[in-house]
Amino acid sequence: MESPSQPQRIEFLCTNIGRGHPFYLDGIIEALVRRGNIGLVRGENDVFTVSEGPSKAAWKMVRKMYEAGSSGGLGGLFYNRLRDGADYNQPGLTLRLLGRSIVREYIDRPWPLVVAHPILVAVLKGKRKLIYQHGELAAPTEALVYGADKVLVPTEETAQVFMNFGYHPDDVVIAGLCIEPSLVKQAGDALAARKKRLDEDCEIPLMAAFFSSGAEPKTHVDTIACAVVSHIRAGGRAIVFAQQGGRLESICGERCHAHQIEHVTCDQGASLVGDQPPVVIVTFDSRRELTYRTTQFFPQFDLFVAPAHERSHWALGLGLPMFIVGPEIGSFAPLNREWLIRDEVALPLASMRDAERFGERLLELREIGELYDMALDGWNNHSIDGFDTIAGYFINHYPLSD
């Protein structure tokens, strides 16, 4: 029998487009599982399973726009301009079409519904117990939308943006940084080992982890592959996380082969035993597979290379120096980038020129102690238990009697 202090059920509605917004819902569910409250999770749906007819077709078009726009180039310029001008508070034909099936399915349901995309907040405005999980550090204009019962944010600075927009302080919940619970569990021990390896007198080769965004933009992939080669030539080691059969897996493998760099592809479910070659390409075919594989290799990370999206929390909370792959795509990344550089936990990897001297630069930064300082600056300044805090909030604030 369920406790009266617990909600009867919590529903999640995911866009299932890219990794960023869906990742924030995955983390809440993982935190509920770790608390032993998986029985509360119901209706873990996405917009494609819920929507029908023209509404489903419209969501498919949104996904195509994301995939094309997030790949950079002229499409990326158009995509950035489109998102920069987005105002989901103005209902129009597009929003009504996207929301047609969703509103019919959810508007009258009595249970808490958690969403992570501003479009879903806009189309479900008026639904009771609509919870907006805004996990990103930055809150650009497109993220600011009315209609949620509660908004969950990572920091006080993010909260202030929503309050300035018009949300009442009681309706904005500061949860802390949203970092995978499986990484939080290892964070302290991993940092202690990392600090020893980052020390200027340590001769152990630095292990760099490389990530692209979900769409694997070609400009990012080319920069990452070049940086991997540069890092290995300078005596480093690399773990590259790549969508199975995707652009990053292919190009990184080709570059390693062209430069006669020993590498291995670690497919799903496989683990490495014994000595690793200089480059390990870890493949995955789902968000959860990626989280599992990241958790598996995380203790080896000395630093990481990624766009300034959801993994920005790692640099601020895990004591893990970050190098930000450019150019920034979308409206979140430029603001996240400013935040990370301001807090001295990250440095830019903005161009092919930066990538070509990446390995040499890492050695210089290690020698002068800057990598070590970046790790210290990214530790113990923010709560890193955001997902667990949110799970506890749900259990305590949405009782059966409501």
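The values are calculated or read from the model by the stated rules, or taken from the named source; none is laboratory data. Everything numeric in this text was worked out from a predicted model, so none of it was measured. No Cβ is skipped: glycine too gets one built from the backbone with ideal geometry, and neighbour counts run over all protein chains shown.
Which condition does Met352 not pass, out of (1) at positive phi; (2) surrounded by fewer than 24 Cβ atoms within 10 Å (Cβ to Cβ), if it passes all the others?
For Met352, the failing item is (1).
Pick from the stretch 100-127 the residues that are over 26 Å from Cys178 (Cβ atoms) and either under 25 Å from the mean Cα position of the chain (by Cα) or among the small types (Gly, Ala, Ser) (or both): which of them is surrounded by the fewest Cβ atoms within 10 Å (Cβ to Cβ)?
Kept after step one, since they are over 26 Å from Cys178 (Cβ atoms), are these residues of the stretch 100-127: 100-101, 103-105, 107-108, 110, 126.
From what's left, either under 25 Å from the mean Cα position of the chain (by Cα) or among the small types (Gly, Ala, Ser) (or both): 101, 126.
Working: Ser101: 21, Gly126: 9.
So the residue we want is Gly126.
Name the residues in the stretch 147-176 that are among the β-branched types (Val, Ile, Thr) and in contact with a helix residue (DSSP H, G or I) (Cβ under 9 Å, 6 or more places away or on another chain), would you?
Val151, Val153, Thr155, Val161, Val172, Val173, Ile174
Test Glu289 against the criterion of being touching a helix residue (DSSP H, G or I) at 6+ places or on another chain (Cβ under 9 Å) and not assigned by TED's automatic domain parsing to the domain that holds Ala139, and give yes or no.
When the stated conditions are applied, Glu289 does not pass them.
Conditions tested, residue by residue: (1) in contact with a helix residue (DSSP H, G or I) (Cβ under 6 Å, 6 or more places away or on another chain); (2) assigned to a helix (DSSP H, G or I).
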{"site": "Ala190", "(1), (2)": "yes, yes"}
{"site": "Ala193", "(1), (2)": "no, yes"}
{"site": "Ile204", "(1), (2)": "yes, no"}
{"site": "His257", "(1), (2)": "no, yes"}
{"site": "Val264", "(1), (2)": "no, no"}
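Can you pull out the residues in the stretch 128-143 that are buried (at least 21 other Cβ atoms within 10 Å of the Cβ) and either without any contact (Cβ under 8 Å) to a residue 40 or more places away in the chain or not acidic (Asp, Glu) (or both)?
At the first step, the residues of the stretch 128-143 found to be buried (at least 21 other Cβ atoms within 10 Å of the Cβ) are 130-139, 143.
Within the stretch 128-143, Leu130, Ile131, Tyr132, Gln133, His134, Gly135, Leu137, Ala138, Ala139, Ala143 meet the criteria.
Could you please give the count of residues in the stretch 341-357 that are in a helix (DSSP H, G or I) and either under 21 Å from Asn381 (Cα atoms) or not assigned by TED's automatic domain parsing to the domain that holds Cys226 (or both)?
The total comes to 2.
I need every pair where a residue in the stretch 107-120 that is within 23 Å of Gly135 (Cα to Cα) has its Cβ under 7 Å from the Cβ of a residue that is small (Gly, Ala, Ser), sequence separation at least 6 or different chains.
Ala116/Gly135; Pro118/Ala143
Table: residues versus (1) more than 30 Å from Glu11 (Cα to Cα); (2) in contact with a Gly (Cβ under 7 Å, 6 or more places away or on another chain); (3) buried (at least 19 other Cβ atoms within 10 Å of the Cβ).
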position	(1), (2), (3)
Glu328	yes, no, yes
Arg337	yes, no, yes
Glu356	yes, no, no
Glu360	yes, no, no
Ile368	yes, no, no
Gly378	yes, yes, yes
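Considering only residues that are among the aliphatic types (A, V, I, L, M) and assigned to a helix (DSSP H, G or I), which ones fall in the stretch 363-392?
Leu363, Leu365, Leu371, Met374, Ala375, Leu376, Ile390, Ala391
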